[in-house]
Amino acid sequence: MAAMKFYCDAERCIECNGCVTACKNENEVPWGVNRRRVVTIKDGEPGERSLSVACMHCSDAPCAAVCPVDCFYTTDDGIVLHDKDICIGCGYCFYACPFGAPQFPKEGAFASRGKMDKCTFCAGGPLPDNSSEEYRKYGANRIAEGKLPACAEMCATKALLAGDADMVADIYRKRMVNRASAALGKGFQLREQNIGSGVDLKGKVTN
Amino acid sequence: MSDKKQSRIRRHRKVAYSLLSLLVLTLVLPLIPYAVAEKDETAGKVFNPGTELWRDVRQRDRDVIGTTQMKSVDAGVLINEYGETWRHFRMQQLVPYGAALMGIVLSIILLFYLLRGPLRLQEEPSGKKIERFTVFERTVHWFTVAIFWLLALTGLILLYGRFVLIPILGADGFGITASACKEAHNLFGPTFLVALVLLFLTFVKDNIYARGDMLWLLKGGGMLGGGHVSAGRFNAGEKIWFWIAIIGGLVLSVTGLILVFSILGQSREIMGLSHVLHGIVALVVISVSFGHIYLGTAGVEGTLGSMTTGYVDEAWAKSHHDRWYAEVKAAEDGSDKIVDEPGLATEGKS
Ligand code: HEM
Ligand code: SF4
Ligand code: SF4
Ligand code: SF4
């Protein structure tokens, strides 16, 4: 059993929001809903980094644990999906999710929450693969077509990696080794490279 | 002393001093970095950029709110620190302890009923009726009851349906039930506040603490020792239930409204906290209401009529609410004289 995972390489992400746009375009998600978002930490300060985040398809998913109607399921690829025909839009998955992945269109009385929508790893939903109904409710099913998620495929710097966890880990491990050896070769100075938080080598906070 | 000898001594002395200072230096020099380091704890530490970033993301040392283009609630938060606490509360505490609380209260009531049976009247029913609740008072009561139980049942289905109803109805079937429950709960939730205000205005005047209430409580309302304890229109137990219902209802309404109006953009933390309060108070109020329902129906003979027909037998009034009975009688007699709290003087007699 494979386990599909995302990894966002903070040393590469340039906060272009291309993944967000690719996702919206590919899946035609409802108004006000963003399955993916890019968050920048220390914006405009030394040590600024950006990360693209969506549903992380948790192995032991908190959203599934709290759902009052038990509408989540994990596919053979380790992708966490849910059934919108059963979801009641209570918002509990949003309270429990570590990554703020579940999103809600505003509907009904008091513009309260509609049925939950979240990143599907571009794997559609419980309806027949690539049926028009599946597309309408859950967006594209690229996995069924043998393709990887649109957001990662779009990523210009290849910061956002998506795929089997072992392969993602391999790619990232190679990057880390390369980065470390390049740094050592240059007589690496963390401070000169402006890597890390705003704390210099003498431990003084510079921002 | 010859010059030669003196220069030799001087040379020896130089060697000795050199050796001594060398010894002192070898001992002291390595300590200098420690002395410096003590002033500056972080010196010499290399900050791993990865660690620093993930420490911020994980919010280990401080709240880190990032910036993002998204406008949704808490979009700038990468890791929701509070989520796991909330999950643990709902699944490991609210669900089992809530069920236990309701189960224990119901068992105690059942046991009490089986062992002691209903509280009987001490005199034969006189057949003479007096009015206990006006039409308006009864309407307010039943209006509140209807909304309360609609909300309680739909809420309990949301809380326990996954464990109790999915095995019976299946996931799809329960999806429809749960959806209806959620809509009903959210739609009728706000009307509960209206009922609560009406309930408060209608009954508050008779639910203020009065002399004799403490005595009633100390005697366990006559349930434990036997015999009846003097009381006004409402006894201390009823007064406590009134305030639990009002204050609990108020907490339920405020937290419920925070949960319903997610459109206002309150944070997950506020909503999670509201849910915690909502859940605890709901289960406590529901459990206490079991006691209220028992005493209003099977628990005390002749009580139910007061809320259905509005009238009670005089024997019932004398037995349970002697001071109120005396007040009613006094008013009927047209005399305005203040009743001299007969029950207090002759408590237990009635
Ligand atoms: C002003 C009144 C109330 C409002 C606005 C309100 C609103 C809510 C909301 C929004 C939820 C979250 C689930 C959902 O979206 O349907 C909820 C859950 C719940 N409510 Fe209420 N409610 C109110 C009164 C009550 C009362 C009177 C009770 C019971 C005595 C109650 C019991 C519950 C229970 C048991 C839950 C389920 C908690 C869970 O599933 O974890 N509520 N309520
Ligand atoms: S919605 Fe949140 S909790 Fe559920 S699998 Fe995705 S990241 Fe995990
Ligand atoms: S919003 Fe839908 S998916 Fe999320 S917990 Fe509620 S019912 Fe489950
Ligand atoms: S995997 Fe698909 S659904 Fe998920 S964020 Fe990427 S594009 Fe959107």
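Since every read-out is calculated from the coordinates, none of them should be taken as a lab result. Since the structure is predicted, the reported quantities are computational estimates derived from the model, not experimental observations. So basically every Cβ, Gly included, is an ideal-geometry build from the backbone, and we count neighbours across all protein chains shown.
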Taking the Cα centre of chain A as origin, sum charge times position over the Cβ atoms of Lys and Arg (+1) and Asp and Glu (-1), and report the length of that vector in debye to the nearest 20. 800
How far apart, in nm, are two points set 7 Å out from the Cα along the Cα-to-Cβ line at B:R60 and at B:Y311? 7.8
Find the relative contact order for chain A and round it to a whole percent, using C-alpha pairs within less than 8 Å whose residues are 6+ positions apart. 26
From the phi angles alone, apply the Karplus equation (6.51, -1.76, 1.60; θ = phi - 60°) to the range A:38-46 and give each ³J(HN,Hα) in whole Hz, x where the residue is Gly or Pro. 10, 10, 9, 9, 6, 4, x, 10, x
Rounded, prolate or oblate (a/c below 1.5 giving rounded, otherwise prolate when a/b exceeds b/c) for the range A:4-167 by Cα gyration tensor: prolate
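Beyond 28 Å between alpha-carbons counts as too far, so tell me which of B:K239/B:K329; A:K137/A:K174; A:K5/A:K42; A:K115/A:K158; A:K24/A:K115 fall in that bin.
Numbers: B:K239/B:K329 23 Å; A:K137/A:K174 38 Å; A:K5/A:K42 26 Å; A:K115/A:K158 32 Å; A:K24/A:K115 17 Å.
Pairs exceeding 28 Å: A:K137/A:K174; A:K115/A:K158.
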Taking the Cα centre of the range B:200-273 as origin, work out the dipole magnitude from +1 charges on Lys and Arg Cβ and -1 charges on Asp and Glu Cβ, in debye rounded to 20. 160
If you average the C-alpha positions of the range B:139-195 and of the range B:273-333 separately, how far apart do those two centres end up, in angstrom? 25
Most exposed to least, judged by fewest other Cβ atoms within 10 Å, B:T297, B:T191, B:T303 sort to B:T297, B:T191, B:T303
Looks like chain B, by Cα gyration tensor root eigenvalues a ≥ b ≥ c and the a/c under 1.5 rounded cutoff (else prolate when a/b is bigger than b/c, oblate otherwise), is prolate
Return the calculated 222 nm mean residue ellipticity for chain A, to the nearest 500 deg cm²/dmol, obtained by summing -39500 (n - 2.57) across DSSP H runs with n ≥ 4 and dividing by the residue count. -7500 deg cm²/dmol
Can you compute the helix-only [θ] at 222 nm over chain B? Use -39500 (n - 2.57) per DSSP H run of at least 4 residues, normalise by all residues, nearest 500 deg cm²/dmol. -21000 deg cm²/dmol
Only Lys, Arg, Asp and Glu count, each charged at its Cβ (+1, +1, -1, -1), so figure out the dipole size of chain B about its Cα centre, rounded to 20 debye. 2780
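Output the relative contact order of chain B, whole-number percent, from Cα pairs under 8 angstrom with separation of 6+ residues.
23
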Would you give the gap between the C-alpha center of the range A:85-157 and the C-alpha center of the range B:58-126, rounded to a whole Å? 29
Per-residue ³J(HN,Hα) for the range B:84-92, Karplus 6.51 cos²θ - 1.76 cosθ + 1.60, θ = phi - 60°, Hz, x for Gly and Pro: 5, 4, 5, 4, 4, 4, 5, 7, 9
Sorting B:I32, A:Y135, A:P102 by the position of each Cα along the dipole of the protein assembly as shown (Lys, Arg +1; Asp, Glu -1; all at Cβ), the one nearest the positive end of that ordering is B:I32
Computed FRET efficiency, Cβ-Cβ of B:V197 and B:L110, R0 22 Å: what is it to the nearest 0.05? 0.05
Counting other beta carbons within 10 Å of each Cβ, put B:V312, B:V135 in order, fewest first. B:V135, B:V312
Using alpha carbons only, how many degrees (0 to 90, rounded to 10) separate the axis of helix B:322-332 from the longest principal axis of chain B? 50
Among A:A54, A:A165, A:L148, which residue has its Cα furthest toward the positive end of the charge dipole of the range A:4-167, with +1 on Lys/Arg Cβ and -1 on Asp/Glu Cβ? A:A54
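Based on the alpha-carbon gyration tensor of the protein assembly as shown and its eigenvalue square roots a ≥ b ≥ c, which shape applies: rounded if a/c is under 1.5, prolate if not and a/b is larger than b/c, or oblate?
Oblate is the answer for the protein assembly as shown, as a/c is 1.5 or above yet b/c matches or exceeds a/b.
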Give the order of A:S131, B:S230 when sorted by the count of other beta carbons within 10 angstrom, beginning with the fewest. A:S131, B:S230
From the residues B:S126, B:I157, B:G50, which one has its Cα farthest along the dipole of chain B in the positive direction, the dipole being from +1 and -1 charges on Cβ of Lys/Arg and Asp/Glu about the Cα centre? B:G50
